[in-house]
Amino acid sequence: MSPAAGSRRSVVFVFLALILTMLLASLNQTVLSTALPTMVGELNGVDQMLWVMTAFILASTIMMPVYGKLGDLIGRKGLFLTAISLFTVGSVIGGLAPDMGWLIAGRVVQGLGGGGLMIMSQAIIADIIPARQRGRYMGVIGAVFAVSSVAGPLLGGWFTEGIGWRWAFWINIPLGLLALAAAAFLLRLPKRRPERLRVDVWGMAFMAIAATCLILTSTWGGSQYDWDSPVIIGLIVGTVVASVLFVLVERRAAEPIVPLHLFRDRNFNLTTVAGLLTGVMMFGTLGYMPTYLQMVTGAEATAAGLLMTPMMGALLLTSIVTGQFVSRTGRYKWIPVAGSVVIAAGLVLLSTIGPATPVWVICAHLAVIGVGLGTSMQLLVLIVQNSFPASQVGTATAANNFFRQIGASLGSAVVGSLFTVRLMDFLVQRLPAEAALPAGSGRSSLTPELVQNLPDALRQIVIDAYNEALVPLFLVMAPLGIVAAALLVFVKEKPLATTIDRG
């Protein structure tokens, strides 16, 4: 159906339900950012900090194609409700976590559900709204992400300074229940009943193995294990072997989880690679800037969340404006090209900051990145969806997001791994003996509050270590934006569909 075929009121209700679910998913990715330093410090797990982010991203990445394919085969509503339920259960586990092991396990369960929240929402929008009108809706989705990216760090900081960081998980319980009710009663979607449901079990298994081996390689390589160690070499071999087996299985599967014919579409290939590179840059920056702001500028957790506002305000504004522009004119090709270049420029600017840099300058650099993200992120999904009929839109959207999330996983894991290794090396080299720190604390238990209470000489050592461990990594990521822009120049600007093709 389309907005013309169904009542405008029903479309609005469906969209409100999807917005609530998108809010739940996007809040989860940001609310922990300002709580993370205190969280891992209290659980004595600074050296495992990157796993809090990576565990969720890895689990959700693996599940994305599963939700996308099954949604095309059997319908989306039941899967949507399942995803919300899993996410809520994972939040309970995280809220009760007594140590880092349980915390990471909770994030894995959250990820198993989180992989379906974004994919199902984007696919359902494609089910009911033609591509030409979809731009403005995608713009609103980008705005929801921007709002939650501001509200998340603020809530995380407020919880950390007040009732405790565990409420970063507890807040998902009422939101999850509300999202369940909204999805159950507001979504009216047709069920698909294939004559025979053929699940690509082997494809799912090899895809999960390949993704897991790849992320573990990027996470452990050079930190937990040397690059030439048997473990890392084994993981690299596992990635290659599982990837080859995955392709072979997909060639023969009756209902492949990632159909190989998708890769015959030039726009799909170009936007997928560009999305992967955007994921590396976005999550490599978002995952650790709030920690940097707390440790280096001395901002409290809530203030660190506020300092991310310029980035997300810019993302919100540009996302809405570009969505309206695309729906009005039908033109879109040049926008993500320019956006990718702007992201690269923002990363170069961030690579120049230091402990003496005024806070307003850091905020201005973050706003530049926000402009780039707002003009590229949602349009890449729209380009993919415009290339395939509605019967394949879930699979295509999921495959595109899968590779973008691989980029997010790599960005979070590689930046986090390099940041953690460099930080611990600097602290070991520069800090005096362990006894010089407050009783009961260690290098893996440094919280923002503890650092700010250190003697001036020790505090400056820690601040310099955080700055030198993270800031140079932004310059390393900047060329990825130029590569993404160069790829998107070759996108073919196909006319946006004004009806929904259910072929």
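The values are calculated or read from the model by the stated rules, or taken from the named source; none is laboratory data. None of the values given here were measured: they were computed from a predicted structure. Cβ placement follows ideal geometry from the backbone for every residue including glycine, while neighbour counts extend to all protein chains displayed. To get the accessible areas, we keep the full protein, side chains included, count just its heavy atoms, and leave off ligands, DNA and RNA. Shrake-Rupley method; radii C 1.70, N 1.55, O 1.52, S 1.80 Å.
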Top-ranked residue of the range 76-89 - restricted to ones that are open to solvent by 10 Å² or more (accessible area, probe 1.4 Å) and modelled with pLDDT of 85 or more, ranked as nearest to Ala399 (Cα to Cα)
Leu79
Helices (runs of 4 or more DSSP H) wholly inside the range 249-347 containing at least 3 residues that are more than 29 Å from Glu493 (Cβ to Cβ) and open to solvent by less than 10 Å² (accessible area, probe 1.4 Å):
289-297, 301-307
Restricting to the range 127-158, what's the tally of residues that are surrounded by 24 or more Cβ atoms within 10 Å (Cβ to Cβ) and of a type in the set (S, T, N, Q)?
1
Restrict the check to the range 47-65 and report whether at least one residue is surrounded by fewer than 24 Cβ atoms within 10 Å (Cβ to Cβ), more than 21 Å from the chain's Cα centre (by Cα), of a type outside the set (Phe, Trp, Tyr) and not in a loop (DSSP other than H, G, I, E, B).
yes
Within the range 21-40, count every residue that is over 26 Å from Met207 (Cβ atoms) and either surrounded by 22 or more Cβ atoms within 10 Å (Cβ to Cβ) or free of Cβ contacts under 8 Å to residues at least 40 places away in the same chain (or both).
12
I'd like the full set of residues that are open to solvent by 50 Å² or more (accessible area, probe 1.4 Å) and touching a residue at least 24 places away in the same chain (Cβ under 8 Å), limited to the range 353-369.
Pro355, Val359
Return only the number of the condition from (1) at pLDDT below 85; (2) within 30 Å of Trp158 (Cβ to Cβ); (3) assigned to a helix (DSSP H, G or I); (4) open to solvent by 10 Å² or more (accessible area, probe 1.4 Å) that Gln392 does not satisfy.
(2)
For the structure I just gave you, tell me whether Leu73 is more than 22 Å from the chain's Cα centre (by Cα) and either modelled with pLDDT of 80 or more or in a helix (DSSP H, G or I) (or both).
yes
Helices (runs of 4 or more DSSP H) completely within the range 130-240 that count 3 or more residues being of a type in the set (Gly, Ala, Ser) and at pLDDT 85 or above:
201-220
Enumeration of residues in the range 111-126 that are open to solvent by 10 Å² or more (accessible area, probe 1.4 Å) and over 13 Å from Ala17 (Cα atoms):
Leu112
